[in-house]
Amino acid sequence: MRREVPEVSDFLEAASGVNTRKAPIWLMRQAGRYLPEFIELKKRYGFWRLCSEPELAAEVTLQPVRRFGVDAAILFSDIMTPVPAMGMKIEFAPGPVIADPVRSLADVRALGTPARDEIAPFVGEAISAIRESSRVPLIGFAGAPLTVALYLVEGGTGGERRIFRNWLQQNPQAAHLLLEKLTTVITEYLTMQVEAGAQAIQIFDSWAGLLDAETYAEFSLPYVARILTDLNGLGVSRHYTAINAHHLLRDVAGLPADVIGVDWRTPLAVVKDMIGGRTVQGNLDPCVLNAPLEVITAKARHVLKQGLGGPHIFNLGHGVDPDTPPAHVLHLVDVVHEFDRHAGDEA
Ligand code: 1CP
C-alpha cells in the first residue's frame, strides 16, 4: 500500500502558476481522524502528543502520502498550536476547548507575542524530520487571525458562533488588538515553518464566511493581507482558503496570495475569471467521497473540467470527513492523476 513520490513535482509547478498536464492533488485534513493508522496512534499517544512530538507529527504527516500518493504533505498540527506560547491554556475534545476564553481588553492585553523560535519549536523539528525522510513537497499552515480568534473568544466549538459575532460588534477595540497580536505571531510562526523547510504555506480562514462582506473587510482581510505580504519573498507559494465565502469572493480574489482555495459552493470557473492567471485550489464536496466510486469519478471529473485553462491544484471544498472510507480517497487520487488537462480528457 506504499506509493512512490514522483521526481518532478506537479504540486510545486502548479503552485507557482504553471498550467500542468496533471492536476496535483492534496486534501485538507488528509492526515488524521478517518485513517485507521492515525486512529491507532491517537489511541496510544493522544492528540496533543501527536502534534508536539516531532517524530510522531512527522509519521502522521506522511501516512496519507504513503497510502494514497497525494502530491503534497500538509504538516500534521492544528491551527491552535501557536496559542499556548501566547499564554492560553487549550485542550482538544476533539475540537479546541479553552476553559478561560479571551473576553475583555485586559484579557487581550495579557496575551504574549512570543519570538519566532519560542512559538512552537517542535513544529520546526517536525518539518526538518519530514524533509529528511521524504521528497514529497511539504505544506506548512496556520489559521487566519480571525479564525483563531473565534476559538479564543468562543472558548469551545459548536453553535452558531454568536458569542464571537456579538463580541466583534461590542468590542471592536479589543478585537483589533487581538487580531494585531495574532497577525504578528502567525507571521513569525509561518516564517519559522519556511525556515525549517516548508515549501508552501496554507492559511485557513474557516470562519470567514460567518461575516458579511463589510465586517470581513474590517476584521479579517487586512490582517490576512499583511501576513501574505510579509511572507512574500520567502520563495514559497502562499495559499489562502476561506470557507463559506462566496459572498466575499471579490475581496478574497484581491488578496496577494499565489493560490486561491474555495469551498464546493463556488464553481472554479467563476474564481478563475477573477484571479487573473493565478492558481485555483479545490473544490470537490467532501460528502462526494461517501458516494459510490462511479459518482466520485463523475463529480471529480466535473471539478477537473472546471479547472481547465489555467493552473489548478485539486482539493476538497473542506476537510476530509471522519467517516470517509480510505478506499474512496485512493480512487479519487487515481481519477485526478489519470485526467490529462492538456487533452481535456482522460490520459
Ligand atoms: O492533514 C491534515 O490536514 C491534518 C492536520 C490538521 C489541520 C490542517 C488538523 C488536525 N487540524 C487542521 C486545521 C484546522 N483545525 C482547521 C482549519 C481547517 C478546517 O477548517 O478544517 C480548523 C478550523 C481546526 C480547528 C479544529 N481542531 C477542529 C474543528 C473544530 C470545529 O470548530 O468544528 C477540530 C476537531 C480540531 C482538532 C483536530 N485537529 C486535527 C485533528 C486530526 C483533530 C481531531 C483530533 C482528534 O481526532 O481527536
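Summary table
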quantity	calculated
Pairs, first closer than 17 Å to LEU62 by Cβ and within 13 Å of the ligand (Cβ to nearest atom) in the range 15-38, second modelled with pLDDT under 95 and acidic (Asp, Glu), C-beta under 8 Å, six or more apart	none
Filtered residue count, the range 33-59, keeping only those that are assigned to a helix (DSSP H, G or I) and within 13 Å of PHE122 (Cβ to Cβ)	10
Within the range 57-66, considering residues that are within 10 Å of ALA129 (Cβ to Cβ) and hydrophobic (A, V, I, L, M, F, W, C), the one surrounded by the fewest Cβ atoms within 10 Å (Cβ to Cβ)	LEU62
Test set (1) surrounded by fewer than 23 Cβ atoms within 10 Å (Cβ to Cβ); (2) aliphatic (A, V, I, L, M); (3) more than 27 Å from GLU160 (Cα to Cα); (4) touching a helix residue (DSSP H, G or I) at 6+ places or on another chain (Cβ under 6 Å) - VAL194 fails condition number	(4)
Unmet requirement for GLY69, which otherwise passes all of (1) surrounded by fewer than 20 Cβ atoms within 10 Å (Cβ to Cβ); (2) without any contact (Cβ under 8 Å) to a residue 40 or more places away in the chain	(2)
From the options SER133, SER77, residue that is among the polar types (S, T, N, Q) and surrounded by fewer than 19 Cβ atoms within 10 Å (Cβ to Cβ)	SER133
Test set (1) assigned to a loop (DSSP other than H, G, I, E, B); (2) on the phi > 0 side of the Ramachandran plot; (3) touching a residue at least 12 places away in the same chain (Cβ under 8 Å); (4) not basic (Lys, Arg) - GLY276 fails condition number	(3)
Matching option when the condition is touching a helix residue (DSSP H, G or I) at 6+ places or on another chain (Cβ under 6 Å), without any contact (Cβ under 8 Å) to a residue 60 or more places away in the chain and within 13 Å of the ligand (Cβ to nearest atom), among PHE92, PHE47	PHE92
Lone qualifier among VAL153, VAL136, VAL148, VAL102 - being out of contact with any Gly (no Cβ under 8 Å at 6 or more places or on another chain), β-branched (Val, Ile, Thr), in a loop (DSSP other than H, G, I, E, B) and within 14 Å of the ligand (Cβ to nearest atom)	VAL136
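The values are calculated or read from the model by the stated rules, or taken from the named source; none is laboratory data. Predicted model, so just to flag it, every value in this text is computed and none were measured. Glycine also receives a Cβ, built like all others from the backbone with ideal geometry; neighbour counts cover every protein chain displayed.
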